[in-house]
Amino acid sequence: MMIKRRDLLAAGGALLGGAACGVLAPMRAAQAHEYELGKLTIEHPWVRAPKDGETTAYFYAFIHNKGGADKLIAVKSPNIGKVTLHSDAKHTIAESGIAIAADKTTTLSPEGAHVVLAEVKKINPVGWGIELVLVFEKAGEVTVDAAVDAPDAKHAHDAEALQRWEKAHPAGGEAKPGAEEHHHDHHDHDHHDHKDDQKK
């Protein structure tokens, strides 16, 4: 069962704990949006939902590395048709993976390295979460519950973007092509098809 992040925030779950993993109880929200994998810590994973009628989303997160250099080589989900890793905001394709520098924090963001999730078959509504498997060259795999933010979100937990999305979807409409009954709350940069994405 997934937990709606917005409800957790209203209940006092601080911003950092807003993105609760679906399998965790609300009281563990503070720890729920941080995932440990060996020397790596994945913090605040979030997805920018596709715009209505589009099928491209974007994945971001903070990846703290207390060990040697590694690489993010894949992101997996049965609901994602194609994944492309980009090393910078210019959408340079990271053919061998996104570099995770030793003893540093690598930020996946609209202004830097990021992951394009194309041919999205299904995604949970804005305000909820989507389960993704991150694959690292050395550290291995970890499953994260990435919050789904509005298509125009600039960062995780972008309240203004969420308000704009809710205003445009007064009936609680889901981000297309989403049709699942799960919710999370996160932010992202504008969604486009991959060709449009490259023009950004």
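No lab work stands behind these numbers, since they all come straight from the coordinates. Since the structure is predicted, the reported quantities are computational estimates derived from the model, not experimental observations. All Cβ positions, even for glycine, are placed from backbone atoms using ideal geometry, and neighbour counts span all protein chains on display.
Figure the gain on full extension for Phe62 and Thr105 (residue separation times 0.36 nm, minus the Cα-Cα span) and round it to one decimal in nm.
Working: separation 43, 0.36 × 43 = 15.48 nm, distance 0.67 nm.
Result for the pair: 14.8 nm of gain on full extension.
What the phi angles of the range 62-73 give under the Karplus curve with 6.51, -1.76 and 1.60, with θ = phi - 60°, is a coupling list of 9, 10, 8, 10, 9, x, x, 4, 8, 9, 8, 10 Hz, glycine and proline written as x. Backbone geometry of the range 139-149 corresponds, through the Karplus equation with coefficients 6.51, -1.76 and 1.60 at θ = phi - 60°, to 3J(HN,Hα) couplings of 6, x, 10, 8, 9, 10, 9, 7, 5, 9, 9 Hz, x marking Gly and Pro.
For Ala69 and His91, calculate 0.36 nm times their separation in residues minus their Cα-Cα distance, and state this gained length in nm to one decimal.
5.7 nm
Legend: distances between Cα atoms for Lys39/Lys90; Lys71/Lys122; Lys51/Lys90; Lys71/Lys121; pairs beyond 23 Å are Lys39/Lys90; Lys71/Lys122; Lys71/Lys121.
Where does each of 87-100, 45-58, 131-144 land if you order them by average Cβ count within 10 Å, highest first? Display every interim value, and only then the final one.
Details: 87-100: 14.6, 45-58: 24.3, 131-144: 17.6.
Order by mean packing, descending: 45-58, 131-144, 87-100.
According to the Cα-based calculation, Rg over Rh for the range 109-165 is 1.00, with Rh computed by the Kirkwood formula.
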